[in-house]
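The values are calculated or read from the model by the stated rules, or taken from the named source; none is laboratory data. Here the structure is a predicted model, which means the values were calculated and not measured. Every residue, glycine among them, receives a Cβ derived from its backbone with ideal geometry; neighbour counts consider all protein chains shown. Protein only, heavy atoms only, side chains kept; ligands, DNA and RNA dropped before computing areas. Shrake-Rupley method; radii C 1.70, N 1.55, O 1.52, S 1.80 Å.
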Amino acid sequence: MSLYAKYVLPRLIDFAMSSKATTAERTRLIPLASGVVLEIGAGSALNLPFYGPAVRKLYALDPSRELWRLGRRRVQDVPFPIEFLQSSAESIPLGTATMDTVVSTWTLCTIPDPSAALEEMRRVLRPHGTLVFIEHGSSPDARVRAWQKRLNPLWKRVAGGCHLDRQIERLIGRAGFQISTLERGYGEGLKPFVYLYRGLARPANQT
Ligand SMILES: C[S@@+](CC[C@H](N)C(=O)[O-])C[C@H]1O[C@@H](n2cnc3c(N)ncnc32)[C@H](O)[C@@H]1O
């Protein structure tokens, strides 16, 4: 791993993901998590302050221990137990149907194999469990999409593998989820970077 990836990138991610706009998005959706929760790509623990009293335990999964360490101070103030799993979402070290909620925020853009990761998320969710997601991805506007395509190669190198134009809704649906709530639209910032998909999904074939 390069020095940039190990020491510089985690600080850049922590800084960029702490913006007012991302915090406002977290405030709306993270309180919906309940029970035993798995957060995918937990990063520097920026969602922690927004979990509500219905959370019993949090598994925070991320391949980067450096990023998680940057969020140490946030971990101290939380009333439920937290277990950090240094792992990739494509292979989640948890049992089948053991989680009440899976949370993924600004992470499907970066995971190398998002389909495999989503299938793993569905596997670990209980049949009536919920996937809570806030992701950025492909814009519906052709001109913006063209910019996303143009910027992708450079952006991936700078931003730790982040893709600007992933088809978030399609990826979630194809992995066997039924999306129950979805809001799409531009957040704050330059359009290619901020087309957001926020919502809730359940494992399909559950009523
Ligand atoms: C843009 S950051 C978002 C961090 C955090 N979810 C947030 O909302 O602030 C992307 C995160 O995805 C994580 N990530 C990268 N590859 C991953 C993988 N294969 N499995 C799980 N997480 C991964 C990164 O380490 C990083 O924490």
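Kindly indicate whether any position in the range 136-151 is open to solvent by 50 Å² or more (accessible area, probe 1.4 Å) and part of a strand (DSSP E or B).
no
When you check S34 against the structure, is it out of contact with any Ser or Thr (no Cβ under 8 Å at 6 or more places or on another chain) and closer than 24 Å to Y197 by Cβ, yes or no?
So S34 does not fit the description; no.
If you go through the range 21-75 one residue at a time, how many are more than 14 Å from the ligand (Cβ to nearest atom), at pLDDT 95 or above and charged (D, E, K, R)?
Of the residues in that region, 2 qualify.
Under 9 Å by Cβ, and 6 or more places apart or on different chains, what pairs join a residue from the range 1-23 that is closer than 20 Å to Y197 by Cβ with one that is of a type in the set (F, W, Y) and more than 10 Å from the ligand (Cβ to nearest atom)?
T23/F50
Out of everything in the range 24-35 that is open to solvent by less than 20 Å² (accessible area, probe 1.4 Å) and not in a helix (DSSP H, G or I), what residue ends up being nearest to P10 (Cα to Cα)?
Filtering the range 24-35 for residues that are open to solvent by less than 20 Å² (accessible area, probe 1.4 Å) and not in a helix (DSSP H, G or I), the one nearest to P10 (Cα to Cα) comes out as A33.
How many residues are crowded, with 20+ Cβ neighbours inside 10 Å and assigned to a strand (DSSP E or B) if we restrict to the range 186-195?
The number of residues fulfilling the criteria is 1.
Considering only the range 164-174, I want to know if a residue exists there that is modelled with pLDDT of 95 or more, open to solvent by 50 Å² or more (accessible area, probe 1.4 Å), over 19 Å from A16 (Cα atoms) and assigned to a loop (DSSP other than H, G, I, E, B).
yes
Restricting attention to the range 94-117, report how many residues are within 12 Å of the ligand (Cβ to nearest atom), in a loop (DSSP other than H, G, I, E, B) and either closer than 20 Å to S44 by Cα or of a type in the set (A, V, I, L, M) (or both).
7
Please count how many residues of the range 42-92 are outside any helix (DSSP H, G or I) and without any contact (Cβ under 8 Å) to a residue 24 or more places away in the chain. Outline the logic, then answer.
As a first pass, look at the range 42-92 and keep what is outside any helix (DSSP H, G or I): 42-47, 51-64, 71, 77-92.
From what's left, without any contact (Cβ under 8 Å) to a residue 24 or more places away in the chain: 52, 54.
Summing the residues that are outside any helix (DSSP H, G or I) and without any contact (Cβ under 8 Å) to a residue 24 or more places away in the chain in the range 42-92 gives 2.
Within the range 175-185, work out how many residues are of a type outside the set (A, V, I, L, M, F, W, C), open to solvent by less than 70 Å² (accessible area, probe 1.4 Å) and either under 18 Å from T23 (Cβ atoms) or not in a strand (DSSP E or B) (or both). Walk me through how you get there before you give the answer.
In the first step, residues of the range 175-185 are kept if they are of a type outside the set (A, V, I, L, M, F, W, C); the result is 176, 178, 180-181, 183-185.
Retained after the next criterion (residues that are open to solvent by less than 70 Å² (accessible area, probe 1.4 Å)): 176, 181, 185.
Checking the rest, the ones that are also either under 18 Å from T23 (Cβ atoms) or not in a strand (DSSP E or B) (or both) come to 176, 185.
Qualifying residue count for the region: 2.
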